């Protein structure tokens, strides 16, 4: 429940007088720009005042800000303290942030069992984000045993609160018959509901399944999408499993492999929608000049730095590391890329040429980029292939699959056959996720493109 807010002048006067609730509300007004231009610095001042006065919602908000570096420097220890104080005072939203904190960081801070317990607490308050993340834990077996039926129940509870991610997750379950009866009509309707809420990728899934289904089913689904849709009781009897990862050798020169089913429909949708608000024009690292915008690369991108990491990202990183047979610490932070029609990345190398002195800084942390993992997050209607001109090889994007290719030869020397390009998109969009793998530990260092 949100606190009712008086007018700003009254609010500021009460905040100045030491009213903790007013200090919290005034901080929110400053963040939201209700008092003019957003003023994060003043907002932080009043939020800290309210937290010092032990106002529960201020403790939770300031804890979340510290956990993600929003308006304040990232401080995980301070975040945990503030969030635990808020939770002790009954603010279940704090449990959601504590769950993310324990599941989205590496090393000793990665405590999946504790994360799951906190998410279960937050889910009791029907927190849509907590319900979806708890469902993900239950599906993937993070922090305990896997319970796909319970995962579906959590997604259903989140969908009742209009969570687009949950709607898409349920749609996929109806499409394939995973814990829910196979029903393309309900699947299409749920995809359409998610699309109506602006969930990236859902409209494409609805269009694809509609084209694959009987026209009468597709028409009925569009009618269902406009009303309230009853979700069936999930059951283990609908036992279509999650697809397993398979590996196909694409080429030996360069060494390239296609890892199918490396990310699920739920994961792909979550990654695209998490990245979308933070997209910016892609840049290229040029020796001696740093990162610059160049016409050889015309996509948009965002990197999942610690500020926007969550447990899904952390789990995917671990899976990618396991299937690429490289330690998770050797991977640079995941980079999400979006290409629209005409956008491309012209032929280039991902490795840093050790003969170029200006590359010494890039090589000084983590060493050489020995391999690249490029994961395709959507179906590209036309264009957008990954092309290796020196080998005459093109890989067509396949949703959920990752192209793993090596930038160096077995002896560690750079491989000229690894020169590659992101071909121009002709129709639709191309969403991809890139993970560059270093020879050594790259975690915690500034990443470069």
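Residues being out of contact with any helix residue (DSSP H, G or I) (no Cβ under 6 Å at 6 or more places or on another chain) and surrounded by 16 or more Cβ atoms within 10 Å (Cβ to Cβ): count how many of those fall in segment 347-356.
Of the residues in that region, 2 qualify.
Could you identify the single residue in 122, 135, 156 that is within 14 Å of residue 312 (Cβ to Cβ), in a helix (DSSP H, G or I), in contact (Cβ under 8 Å) with a residue 12 or more places away in the chain and not assigned by TED's automatic domain parsing to the domain that holds residue 274?
135
Among the residues of segment 235-251, is any in contact with a helix residue (DSSP H, G or I) (Cβ under 7 Å, 6 or more places away or on another chain) and at pLDDT 95 or above?
Checking segment 235-251: at least one residue is in contact with a helix residue (DSSP H, G or I) (Cβ under 7 Å, 6 or more places away or on another chain) and at pLDDT 95 or above.
Only one of 336, 316, 308 is touching a strand residue (DSSP E or B) at 6+ places or on another chain (Cβ under 7 Å), surrounded by 17 or more Cβ atoms within 10 Å (Cβ to Cβ) and not assigned by TED's automatic domain parsing to the domain that holds residue 109; which?
Only one candidate qualifies: 336.
If residue 150 satisfies all but one of (1) within 18 Å of the chain's Cα centre (by Cα); (2) modelled with pLDDT of 95 or more, what's the number of the condition it fails?
Of (1) within 18 Å of the chain's Cα centre (by Cα); (2) modelled with pLDDT of 95 or more, only one is false for residue 150: (1).
Within segment 53-106, restricting attention to residues that are in a loop (DSSP other than H, G, I, E, B) and touching a residue at least 40 places away in the same chain (Cβ under 8 Å), which residue is farthest from the chain's Cα centre (by Cα)?
71
The values are calculated or read from the model by the stated rules, or taken from the named source; none is laboratory data. Quick caveat, the model's predicted, so the values are computed rather than measured. Don't worry about glycine lacking a Cβ; one is built from the backbone with ideal geometry, like all the others, and counts go over all protein chains shown.
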